[in-house]
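The values are calculated or read from the model by the stated rules, or taken from the named source; none is laboratory data. Just so it is clear, the structure is predicted and the values come from calculations on it, not from any experiment. Note: ideal-geometry Cβ built from the backbone for every residue, glycine included; neighbour counts use all protein chains shown. Keep in mind that these areas ignore ligands, DNA and RNA; they rest on the heavy atoms of the full protein, side chains included. Shrake-Rupley method; radii C 1.70, N 1.55, O 1.52, S 1.80 Å.
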Amino acid sequence: MTAAPAPEGAAGPAGGRTAPRHVAIIMDGNGRWATKRGLPRIAGHKAGAEAVRRTMQAAADNGVEVLTLYAFSSENWKRSSDEIADLTGLMRFYLERELATLNKEGVKLRLIGDYSAFGPELVARLDRAVEHTAKNGRLTLVVALNYGSRAEITEAARKLATKVAAGEIAPQAVDEDALAAGLQTNGLPELDLLIRTSGEVRLSNFLLWQAAYAELMFLDKLWPDFSEQDFADALERFAARERRFGGR
Ligand code: IPE
Ligand code: IPE
Ligand code: MG
């Protein structure tokens with residue numbers, strides 16, 4: 001059940017800011033969007049890429065500090081080689097086309113996930129985009145590529161285990177902060193709001209640790225139909241929610 005949206009600028013329970021600092025989105029439904037129109041899946045992914053542009057703009061305009069987008073999961077390798085090639089082709093195209101826009105809009109690109117799997121050519125382009133936007137400060141756009149949350153947590157645990165085995169830290173030093181510091185999201189503000197489009201109600205191995213106290217929103221809209229207004233509406237619904245963090 002959704003509470004009525006709070007009036008604009010309403011203070012949260014602690015009287016603090018009600019705008020989320022960090023929003024993440026599971027951008028789902030591209031394939032169904034295309035199928036509904038009798039189009040190939042790639043057409044849905046193209047339309048989905050346009051939704052990314054709109055959402056990035058909406059996030060920047062609404063003062064969100066970090067927007068994290070699930071673009072390719074570590075399980076998406078199960079798809080056909082044709083679809084994977086289409087997706088990587090689109091990534092390449094948009095990276096080139098949008099780099100100037102990222103700089104114009106003050107967007108800093110950051111990547112999570114093991115994107116080395118996409119091959120040296122795309123990796124070089126991705127690294128270049130990260131470098132070329134490193135000084136921007138209006139919005140951080142985190143793109144999850146070949147990302148899987150369980151692998152991320154496992155890797156963080158492995159790094160700590162290695163340090164303990166080497167006698168660099170005591171087992172007692174393995175605490176939540178130490179583990180979080182080993183995650184790829186290290187240094188980003190806490191995740192406040194996690195949105196998934198397309199009507200599916202699951203996390204699909206995305207930000208499992210980070211979402212511990214995030215507000216979750218599952219929308220029926222398919223990702224290519226997601227608009228700036230949908231983003232603004234989600235922020236309003238977020239502002240109306242009471243986050244208790246286990247308190248009362
Ligand atoms: C999300 O849309 C994009 C990726 C996972 C890359 P889908 O391709 O999963 O679309 P549906 O879920 O099949 O409609
Ligand atoms: C999650 O969507 C991954 C991305 C949006 C990149 P999927 O379409 O892959 O998730 P499942 O298979 O429905 O869980
Ligand atoms: Mg899907």
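Put +1 on the Cβ of every Lys and Arg and -1 on every Asp and Glu Cβ in the chain; which of 217, 33, 58 then has its Cα farthest towards the positive end of the dipole? Comparing the listed Cα positions along the dipole, 33 ranks first. Remark: the stretch 177-248 carries a charge dipole of roughly 320 debye about the Cα centre, counting +1 on each Lys and Arg Cβ and -1 on each Asp and Glu Cβ. In this simple spin-label approximation, residue 244 and residue 117 carry label points 7 Å from Cα along the Cα→Cβ vector, and these lie 3.9 nm apart. Backbone amide hydrogens, once placed in the peptide plane, bring residue 111 within less than 5 Å of 143, excluding anything fewer than 5 places away on its chain.
Pairs of lysine residues in the stretch 39-149 that meet both criteria, 8 or more places apart or on different chains and Cα atoms under 23 Å apart, total 5. Using the alpha carbons alone, the radius of gyration of the chain stands to its Kirkwood radius in an Rg to Rh ratio of 0.97. Using the alpha-carbon positions of the stretch 82-204, Rg (one decimal) and Dmax (whole number) come out as 17.2, 49 Å. Using R₀ = 22 Å, calculate the FRET efficiency as 1/(1 + (r/R₀)^6) where r is the Cβ-Cβ separation of residue 131 and residue 88; round to 0.05. The value I calculate is 0.65. Any idea what the relative contact order of the stretch 90-199 is, in percent, if you count C-alpha pairs under 8 Å spaced at least 6 apart? Relative contact order here is 26 percent. Accessible surface of the stretch 150-248, 1.4 Å probe: 50 percent of it comes from carbon and sulfur atoms.
On full extension, the segment bounded by residue 172 and residue 203 gains 8.1 nm, given 0.36 nm per residue less the C-alpha separation. The peptide list 126-135, 213-222, put in order of mean Cβ contacts within 10 Å with the highest first, becomes 213-222, 126-135.
Rounded to the nearest 20, the Cβ-based charge dipole of the stretch 25-114 about its Cα centre (Lys and Arg +1, Asp and Glu -1) stands at 260 debye. Modelled spin-label separation between residue 232 and residue 35, with each label point placed 7 Å from Cα along the Cα-to-Cβ direction: 3.3 nm.
Would you mind checking the stretch 43-64 for residues with the amide N under 19 Å from a putative spin-label position 7 Å along Cα→C-beta of residue 221? Taking a point 7 Å out along Cα→Cβ of residue 221, the residues of the stretch 43-64 whose backbone N falls under 19 Å are 44-64. Report the Cα centroid-to-centroid distance between the stretch 103-126 and the stretch 58-99 in angstrom, as an integer. So the separation of the two Cα centres works out to 10 Å. Please work out whether the stretch 102-171 counts as rounded, prolate or oblate from its C-alpha gyration tensor, where a ≥ b ≥ c are the square roots of the eigenvalues and a/c under 1.5 means rounded, while otherwise a/b larger than b/c means prolate and anything else oblate? It comes out prolate by the Cα gyration axes. Taken about its Cα centre, the chain carries a charge dipole of about 200 debye when Lys and Arg each add +1 at the Cβ and Asp and Glu each add -1 at the Cβ.
Annotation: per residue accessible area for the chain equals 52 Å², rounded to a whole number [probe 1.4 Å, protein chains only]. Summary value for the chain: 32 percent relative contact order, contacts being C-alpha pairs under 8 angstrom separated by 6+ residues.
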